[in-house]
Amino acid sequence: MTLQASGQISLDDIHVEAGGTTGTEVKLNDPDVKFIIKARNNNTGFDDYYGGDANRPSATHLTHSSGSGFFDEFINVNVTLGSGTKLVVVCYAHNGFKKVNNQKVAASANSFCNLGNNAMTLACRARGTNTTGVAGQGTYADEILDVGIYYLETTLTGNITVSGDGGGRPCMTSVYVINNYTSATPYTTDTETNTDVNTLENIVVASQKTGVTIGVAMLPNPDTNHGNVGQEGNYILRVPYSLGYPVDEIKSKSGQTNITGTRSMATWKDEYTPLADQTYQAKGTDAVASAIPISIATASFK
């Protein structure tokens, strides 16, 4: 059961939550104890364990696909689902133009996402437009820049198609499955869109202890010489960095831990979140400062 959120808490309480036997020897720095809050060092105190829960949700990345052609739209993907009830979470990122009759036009906005024949629920989306586009540099004022997150609790098994609409050049779809959750509805959703020339944006999530946050971001054009996540170029980090960086798992447009390619797109998961306002920082590098917005969306589950 979840440890109390306030008041007196004992080392024995923590030990029992970790699966130990009451009254037996235990230290605060034992691996099974630290595992409750995913402590990364030995500098923990009793108050760090308020609200801790060894029986917490876990997120697994199932698949990631992207496209870069002028005719790209929502990238349909196939996932293999195991037995039992689970929560499927789909992240998408869409750039805002495509070619129709050999003419560049604004892409249509996303309006739905299906898991098989079942409509998924929209958790949140961050939708912006590029209002500072410069013809000849590949940016246009009518671009719709779109990131969003859908979810659905399901008992479907086997090979299932994720489909949707909208999109332009390029697009990205990424799918996670969450198990061992308490509620199939996100306890908080958050979005941020930066429309100025700044290539850095923060999003603040009022996270719950030992939950899981799924995020998706569209970043400005990367500096391909510094594309490593968590280094000089494009990255998504927890702030403060002492909590560990990069976040638990990042999938970029190319499906790697590097964010590369024009208009970088990435999704991430952050498991065992703290009971605190958790800031995630998304940064891109754009040498020509063409002010392509940073768009970020997150959904958090417990």
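The values are calculated or read from the model by the stated rules, or taken from the named source; none is laboratory data. Note that this is a predicted model, so its numbers are computed, not measured. We place every Cβ from the backbone using ideal geometry, glycine too, and count neighbours over all the protein chains shown.
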Residues satisfying the stated conditions in the stretch 1-10, i.e. loosely packed, with under 15 Cβ neighbours inside 10 Å and either part of a helix (DSSP H, G or I) or out of contact with any Leu (no Cβ under 9 Å at 6 or more places or on another chain) (or both): 1, 4, 6, 7, 8, 10
Every residue from the stretch 16-31 that is touching an Asp or Glu at 6+ places or on another chain (Cβ under 8 Å) and either without any contact (Cβ under 8 Å) to a residue 12 or more places away in the chain or closer than 13 Å to residue 52 by Cβ (or both): 17, 18, 19, 22, 23
In the stretch 81-101, the residues that are modelled with pLDDT of 75 or more and farther than 23 Å from residue 300 by Cα: 83
The stretch 261-294 - residue that is farther than 18 Å from residue 64 by Cβ and in a strand (DSSP E or B) and, of those, modelled with the lowest pLDDT: 283
Which listed residue is at pLDDT 75 or above and either farther than 30 Å from residue 172 by Cβ or of a type in the set (A, V, I, L, M) (or both), from 37, 9: 9
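Output the strands (runs of 3 or more DSSP E) that fall wholly within the stretch 102-153 and possess 1 or more residues being of a type in the set (Phe, Trp, Tyr), touching a Phe, Trp or Tyr at 6+ places or on another chain (Cβ under 9 Å) and modelled with pLDDT of 90 or more, or say none.
none
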